[in-house]
Each structure stands twice: as structure tokens, then as C-alpha cells.
Amino acid sequence: MGDFNVALVIVAAVVSVLVLLVSVYLLINYQHPDDANQAYFPKLVVILGITVAVLSILMLPADVANRQACRRAIYSGACSLTLPMKTLWLAVYIADAVLVFLVIPFAMFYYEGDQDKSVGKRLTSALLWVAVSAVVCGLILGILYGLVGKVDFTVRHLSSAVETFPNSFTSFSSGQPCISTSPRQCSAYTAPANSQTTWTMRATFPEYVVALATIVGSVLFTIFGGVGIACLPLGLIFSFVRRPKAVITRSQYIKEATELGKKARELKKAAEALHQEERSGNKGRKWRKNVKALGKELVLLEDDMKALEEMYPQGEQAEATWALTVLGYIGKLLFGVVGLIISIAWVAHIVIYLLIDPPLSSFLNEIFIKLDGVWGLLGTGAFAFFCFYLLIAVIAGEMMLGLKLVFITIHPMKWGGTLMNSFLFNVGLILLCSISVIQFCATAFAYYAQATAAQEIFGHTLQSLRGIKYLYKYNVFQYGFVALAILTLFYYAIFGWRKRKPTGRFQLSN
């Protein structure tokens, strides 16, 4: 079948099915018991969102493998039987944008609607909010596309006079590669400065939608990813440092449990007060601020309860439970050390390959190529792992900033305790940032991912769009990513080893 890689198609189909099954598994095991046997539409959206996000990350390694299927073609156009990766990229990212800006907001508005209202009123309210959002987004996209939806490629015009075809090639050498008698004086070498010009063409609308979604995602990715690339491994390491060193006594347990009980009653009263305000229609700025503060206090309370249970295991298997707790913290230390190595490799690669011009080394690109030489899919697997690590770092960064900053709503992901609105929020964040992760990886691993459809979209079109190209020309996102990673490192070096002090009495803001 020529260049057509049957194995690639089979692997793509099998992986797609596995990703779907993993998405269902994550939903079942992370969902909160209160959402069992209900909220089926949000659950469907979560499964679809996780599947699209994971497949979008896996498509870049598939794009690289797809290119390898054409390695014997004289030029890429001669290889017409491989997967239509550019079409697949655009389809996946249009689906990504629809999920992020339409479907997930609708599901969140419906899920968080007043439970006392009928299903019809909740649907109407959610549709109204989404319709307004769609109109606003459509107007913005249409206006921007009409005004600046063009691509400016910098090209150099070269021309040459006609020379008589030589009868012998013996006069050519490395010092004299051209027909001209002057050494190394081909037209490309002697082209004047004014031969450089700009070639303008209009971008396709799907590519423009992907580009703007990438910009929005890149801002979030730079903030959350920059913080997360440092706090993900350091959080695990300092969790080991702050671990409980021994089992507490029963009297200590009763004292701590009593304090947590008082805290829980305070939060319950605050929640009831906020619910009363909601029923009376008083849902202003102060109410939203109090809801966010209450949510963070609940997360901290749950963490304190879990820590107390770890320090005083109960039941017939108390000793085994304590042993598992100790092993769990050792596992956090090991994963933290491995994660720290990966984070350092990421930051070092960004600095020496993207920020320094010319690059000092291709670094990770060379490692992936050598791994491919050992076994065909080894380099591709390592490449996919580094991309996934960035997505996990984004979630870690969002969780950390959500606990530290008042204006960021926290949406914790907990095994067996994740409410569907938190699920939807985090899936939306992953979907939005997955576009930027792919663009970031396509740029960071340009040498390894060269001649791929992803590089054509993200490496040429995106970086040449009017008004956007300067963000990539001057590496704004890369500098921001590294700067936030360094600041987070200093934060953990100063405060990371300290145990969190119990919060005082919780009061609603007046």
C-alpha cells in the first residue's frame, strides 16, 4: 500500500477506544457520591471533553509518526495515503473550541442552576446565558477576522540571469559551487536588502479560530503552567517534609477533632446564610466573594480532617493503615524527585533552545531522536509524556493559585469527592490549555516535529498572523513561563517547609 502506514491507523483506532474507556473510568472514580445516578448530561460532556483533550495531546506524536510513514517520499506531496493530519487537527480544535465556549458553559449553568426551579426554567436560563456568550464571541471573532484575519509571511525575492549550461562540472567545488566565476557569489548571496518583502494572504476561518483560542489558552497556560511546573514536584516533596512523624495520642485526637467540629459548624452556618441570600435574590459581588471564600475554607477543612485521620488511624487494621500512610509519603517523595527532574529539564530546554538565539543545543529534541533510534515508539512515547506533564502542571498551578488568591475560584479534583461543576471547570481548563500545550510543544520540539501538519498550523500560520505574531516573535509566553516558575521556586524555598497554621474563626465579608 505504498507509504500508507496500516499500523498507524490501527494504533490510532485502538488508542482512541482506550482513551474513551479511561475517561469513563476517571469519571466513575472521581465523581462525588451526591452526583451518582444523576447529572447525566454534564457527565457526558466531561467524558467527551477528557477524550478530546487527551487525543489532542496524542495527535502531535501521531503527527510525528505520520511524517515517518512518508520518510521515503521525495517530497511530502508525493505521500498522499497517510492520515490527513491537518484536517484532523482543525476538526479536533474546532470541537475543542465548541466544547470550551458553548457546551461546557451550558452544562455548568444548568448544573449550578437553582435546584428549586423546574428543569424547563433551568434549561431556558442556561440556553440564554450560552446564547448571549455565543453572540458576543461570534461578533468578536467576525470583526477580528474581517479586520486583521490575515497572515504576513516574510519572503525574499531572488532572481538570476540565464547562464549557459556548462559542458563539464570539474570546475565546481566547495569553494566554487556556482556557475559565476566569483567564489560563492550565487544570487541568494548577492540579493539586496530590498529583496525581502511581505507576502500577505487571508487565513482560513478555522485556522483563525484555533489561533485566537490558542492565545486565550496561552495566557492561562503561562500563568498556571509556569506556577505548576514548579509547585507540582515541590508540593509533593514538601508534603513529605511536612508529613506526620508519629501517631498522636487519643486525647490529642479528641482535642483536634473538637476544634474541627467547631470549624465545621461555623462553615455550615455561613453556608446557610449564603443560601438564604441566594433565595432572596441578593447575589451581588459581596455574595460571590463570600461563596469563593467559603469554598476554600471547606477545602482546607477537608485537608485538615484527612491529616487528622492519618495521624490517628483507627480500626482493627490501624497499624497497616499507618504503614500505608508512611509508604504513601515515600511515594510522594519519589514522584516529586522524578517530577523535579522533568521540570528542570523543561525549563532548561526552554532557555537553551527557545530563549537563547541561536540555540545552544537542541537538547530534548536530540534525546527523542536517539530514543526513536533505540525503538520506534520510545521517543514518541517520551515526547507524549513531556506534553502530558505540562497539562498536569496546569492543573497543579490552578489549584495552588486558587488557594492563595481570592479572585480565583478553586475547583478541587478529589478521588471519590469531585462535584460535577468542578469536573466541568477543570475539563474546560484542560481543553483550553491543551491547544496551547500543543503549540508550545510544537515550538519547543520544532526540530523533532519538523515537517508535520502541527508545525504548519502552529509554527507558520499562527506565528505570522497580524497582531499576534509579535507575542511569538519576542517569546512573551516563554519568558513569562520561566519567570513564574522561578518565582514559585523561591516561594517554596522560603515558605514551602512550613506547616499551614489553622485558620481562625471564619466570618462572612460585610
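The values are calculated or read from the model by the stated rules, or taken from the named source; none is laboratory data. Being a predicted model, the structure only gives us computed values, none of them experimental. Cβ atoms come from the backbone with ideal geometry, glycine included; neighbour counts cover every protein chain shown. Each accessible area value is taken on the protein alone, full model and side chains, heavy atoms only, with ligands, DNA and RNA left out. Shrake-Rupley method; radii C 1.70, N 1.55, O 1.52, S 1.80 Å.
Of note:
- Filtered residues of region 75-109 (kept if at pLDDT 75 or above and either touching a strand residue (DSSP E or B) at 6+ places or on another chain (Cβ under 6 Å) or of a type in the set (Phe, Trp, Tyr) (or both)): Trp89, Tyr93, Phe101, Phe106, Phe109
- Region 281-305: number of residues that are more than 14 Å from Glu266 (Cα to Cα) and among the polar types (S, T, N, Q): 1
- Annotation note: of Glu272, Glu259, Glu278, the sole residue that is open to solvent by 90 Å² or more (accessible area, probe 1.4 Å), more than 23 Å from Thr249 (Cβ to Cβ) and not polar (S, T, N, Q) is Glu272.
- Of residues in region 369-387 being under 16 Å from Asn66 (Cα atoms), of a type outside the set (Ser, Thr, Tyr) and open to solvent by less than 30 Å² (accessible area, probe 1.4 Å), the one farthest from the chain's Cα centre (by Cα): Gly379
- Residue list for region 383-401, filter: more than 13 Å from Leu220 (Cα to Cα) and touching a Phe, Trp or Tyr at 6+ places or on another chain (Cβ under 6 Å): Phe383
- The set of residues in region 246-260 being hydroxyl-bearing (Ser, Thr, Tyr) and over 21 Å from Ala320 (Cβ atoms) consists of Ser251, Thr258.
- Where a residue in region 428-452 is under 16 Å from Gly228 (Cα atoms) and touching a residue at least 40 places away in the same chain (Cβ under 8 Å) and its partner, wherever it lies, is among the hydroxyl-bearing types (Ser, Thr, Tyr) and assigned to a helix (DSSP H, G or I), with Cβ under 6 Å and at least six apart: Ser434/Ser56; Ser436/Thr214; Ser436/Ser218
- A single member of Tyr329, Tyr312, Tyr353 is open to solvent by less than 70 Å² (accessible area, probe 1.4 Å), within 28 Å of Glu256 (Cβ to Cβ), modelled with pLDDT of 85 or more and of a type in the set (Phe, Trp, Tyr), and it is Tyr329.
- Extreme residue, nearest to the chain's Cα centre (by Cα), among residues of region 439-453 that are surrounded by 24 or more Cβ atoms within 10 Å (Cβ to Cβ) and of a type in the set (S, T, N, Q): Gln439
- Residue in region 267-276 that is under 30 Å from Val337 (Cβ atoms), assigned to a helix (DSSP H, G or I) and of a type in the set (A, V, I, L, M, F, W, C) present: no
- Looking only at region 31-55, and only at residues there that are at pLDDT below 80 and open to solvent by less than 80 Å² (accessible area, probe 1.4 Å), the one that is nearest to Asn426 (Cα to Cα): His32
- Scanning region 124-170 for residues that are open to solvent by 80 Å² or more (accessible area, probe 1.4 Å), modelled with pLDDT of 75 or more and in a loop (DSSP other than H, G, I, E, B) yields a total of 0.
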